[in-house]
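Student: After the structure tokens below, expect a handful of questions from me.
The values are calculated or read from the model by the stated rules, or taken from the named source; none is laboratory data. All values derive from a computational prediction rather than experimental measurement. Virtual Cβ from ideal backbone geometry, glycine too; neighbours counted across all protein chains shown. SASA here: full protein model, heavy atoms, side chains in, ligands and nucleic acids out. Shrake-Rupley method; radii C 1.70, N 1.55, O 1.52, S 1.80 Å.
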Amino acid sequence: MNATMNATTSVKLNLGCGFNHLPGYINVDVSPTCHPDAVVDLERTPWPWPDDCADEVRLNHVLEHLGRETAVFLAIMRELYRICLDGAAVHIVVPHHRHDHFFSDPTHVRPITPLGLALFDRTQCEEWIRRGCANTPLALYCGVDFVMESVQHDLDERWLRRAQAGEITPLQLEEAMQSQCNVIAQTRFLLKARKTKAGAAA
């Protein structure tokens, strides 16, 4: 399958697929070793796909590897937005920034957090400006708009067992998740690309 495509064709992209190829997706990776459908370096922009071509994008343990330099990371977010259709689903899974899984891999270059991704939500940025907050309105600076539909934290196995056994209360678990390392193993985000006035009102 080619990295490029007809501009009228809607696709699903599995970016940074590694050896985890998904049926029905264009599986993309920088390394030909994992035999992707398309060999693409996501840190080199522009990407080889037309505007508004993707109705779904998956980045499974990928985004934390990209954009050591801030300008490169912001260019990636702009490209991600450019290729998304209005309402496109963007599924992101990353290691939690306070877990050993994040610190142990030398190819991890930046933490991905709920607040960090919220900086790319135009409505949220406009609200921060209205309130005089210091949060950097990256959605306005980059010309993007990603709505955070959901955030799901997957517990480390040790903490999951303790919670399931009733050894800790939900309040104790919540406090540990907020303050301790190695409690949350990974975080799953669902973003929605918002491009039209109708989408902005949704």
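Student: Can you find even one residue in region 132-139 that is touching a helix residue (DSSP H, G or I) at 6+ places or on another chain (Cβ under 6 Å) and within 28 Å of Val30 (Cα to Cα)?
Tutor: Yes - at least one qualifying residue is present in region 132-139.
Student: Step by step: first the residues of region 81-107, then only those that are in a helix (DSSP H, G or I) and out of contact with any strand residue (DSSP E or B) (no Cβ under 7 Å at 6 or more places or on another chain), then the one that is least open to solvent (accessible area, probe 1.4 Å). Which residue is that?
Tutor: Quick first cut of region 81-107, residues in a helix (DSSP H, G or I) only: 81-83, 100-104.
Applying the additional criterion that residues be out of contact with any strand residue (DSSP E or B) (no Cβ under 7 Å at 6 or more places or on another chain) yields 82, 100, 103-104.
Working: Arg82: 56, Asp100: 81, Phe103: 135, Ser104: 89 Å².
Out of the qualifying residues, it is Arg82.
Student: Pick from region 63-80 the residues that are open to solvent by 30 Å² or more (accessible area, probe 1.4 Å) and free of Cβ contacts under 8 Å to residues at least 40 places away in the same chain: which of them is nearest to His21 (Cα to Cα)?
Tutor: Among residues in region 63-80 that are open to solvent by 30 Å² or more (accessible area, probe 1.4 Å) and free of Cβ contacts under 8 Å to residues at least 40 places away in the same chain, the one nearest to His21 (Cα to Cα) is Val72.
Student: Using the structure shown, decide if Gln186 is touching a Pro at 6+ places or on another chain (Cβ under 7 Å) and in contact (Cβ under 8 Å) with a residue 24 or more places away in the chain.
Tutor: Yes: the conditions hold for Gln186.
Student: OK, next. Between a first residue in region 33-62 that is farther than 26 Å from Gln186 by Cβ and open to solvent by 50 Å² or more (accessible area, probe 1.4 Å) and a second residue that is at pLDDT below 95 and not charged (D, E, K, R), which pairs have beta carbons less than 9 Å apart while being 6 or more apart in sequence or on different chains?
Tutor: Val39/Ala3; Asp51/Ala7; Asp52/Ala7; Asp52/Ser10
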